[in-house]
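This report refers to the structure that appears directly beneath it.
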Amino acid sequence: MTTPWFDEVAPGIGSLRVATDERPYFEEKALEFLRAAVQEVIANERLHAVLLEGGGRQFSGGAPADLLLSPDADKRVERLMAEAGRLLLEVPVPTIAVMSGHAVGGGLMLGLWCDLAVLAEESLYGANFLDLGFTPGMGSTVLAEEAFGVPLGRELLLTGRLIKGREIRASGAPIGYAVVPRSEVRSTALRRAREIADLPRDAVVLLKRHLASRRGNRLREALQEESAMHRALLTQPATRRRIAERYVSGDR
């Protein structure tokens, strides 16, 4: 039995939907789906690759306001951050983020935890944590520089600005090669998945495990440091006011 948002969309290729345009956030319910999906992929030896999908207009906007403004926001955000990344690394086959829509904050990082990602020329991407009043999380202090290169990655973290996919491509960022027109994002991701599905699964699984282990060590260290900063900030009144002003008012 599959989870409500997990399905096999082509021979050897699974799809996990973690957000919709109606609810474009990564929250605890989506984490439950991710846990169940990982177990399904482990049990299903037919699968060679998994697409991580969100909404068409918004891939993911990260954590919702009600979570960030909860009394125990620091603890809930820490659990969400740590487990989401760990689960994606535990998927035994390669994961490909289908980032057709905007991906902001933790939503962008969710896609960057995947092994591969495809972005849209027309969509906005960014790490706007500071704009919301708290420090970057979700492994972004590593992932931003890994995906965008050190200069642009650092700029996105420090300014919180959002940039379009076409600007990412024009910058020469490492991930710029994966930016295509929005209408081609899913077909490009499926083509990558089919290329993987044509390969021997045992070899793919072994390589994924090796790459995920090496990458995971760096990301776990980053998460520990980021969580310490979150604990210092997320429950402060000034931070909560900033979140309410910038997020709930519709500027987010």
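The values are calculated or read from the model by the stated rules, or taken from the named source; none is laboratory data. Note that the structure is predicted; figures quoted are calculated from it, not measured. For the accessible areas, the whole protein counts, side chains as well, though only heavy atoms, and no ligand, DNA or RNA atoms are used. Shrake-Rupley method; radii C 1.70, N 1.55, O 1.52, S 1.80 Å.
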Exercise. Share of antiparallel DSSP beta bridges in the stretch 31-184, in percent to the nearest 5?
Worked result: 10 percent
Exercise. How big, in percent, is the set of alpha carbon pairs in the chain lying more than 33 Å apart?
Worked result: 13 percent
Problem set entry | Proportion of all alpha-carbon pairs of the stretch 1-127 beyond 26 Å (%) | 16 percent
For this session: Give the ranking of 196, 243 by solvent-accessible surface, highest area first, calculated with a 1.4 Å probe.
Result: 196, 243
Exercise. Could you sort 102, 48, 210 by accessible area so the largest value comes first, with the probe set to 1.4 Å?
Worked result: 210, 102, 48
Problem set entry | residue 25 accessible area, assembled protein chains, probe 1.4 Å, Å² | 60 Å²
For this session: Using amide H atoms built 1.01 Å from N in the peptide plane, name the residues 5+ places from residue 58, or on other chains, whose amide H lies under 5 Å from its own.
Result: 102
Exercise. In square angstrom, rounded to the nearest 10, how much accessible surface does residue 218 have for a 1.4 Å probe?
Worked result: 130 Å²
Problem set entry | Share antiparallel - DSSP beta bridges, the stretch 4-89, percent rounded to 5 | 45 percent
Exercise. What are the semi-axes of the equivalent ellipsoid for the stretch 143-252, taken as the square roots of 5 times the Cα gyration tensor eigenvalues, largest first, in whole Å?
Worked result: 32, 22, 14
Exercise. How about residue 208: which aspartates and glutamates have a C-alpha closer than 16 Å to its C-alpha, ignoring those fewer than 8 places off in the same chain?
Worked result: 45, 90, 115, 195, 198
For this session: Please list, or write none, the lysines whose alpha carbon is within less than 24 Å of the alpha carbon of residue 29, excluding same-chain residues fewer than 8 places away.
Result: 75
Seminar exercise, completed: Placing one equal point scatterer on each C-alpha of the stretch 32-76 and summing with Debye, one gets log10 I(q)/I(0) at q = 0.25 Å⁻¹ equal to -0.94
Seminar exercise, completed: Between the alpha carbon centres of the stretch 205-230 and the stretch 9-31 the gap in Å comes to 22 Å
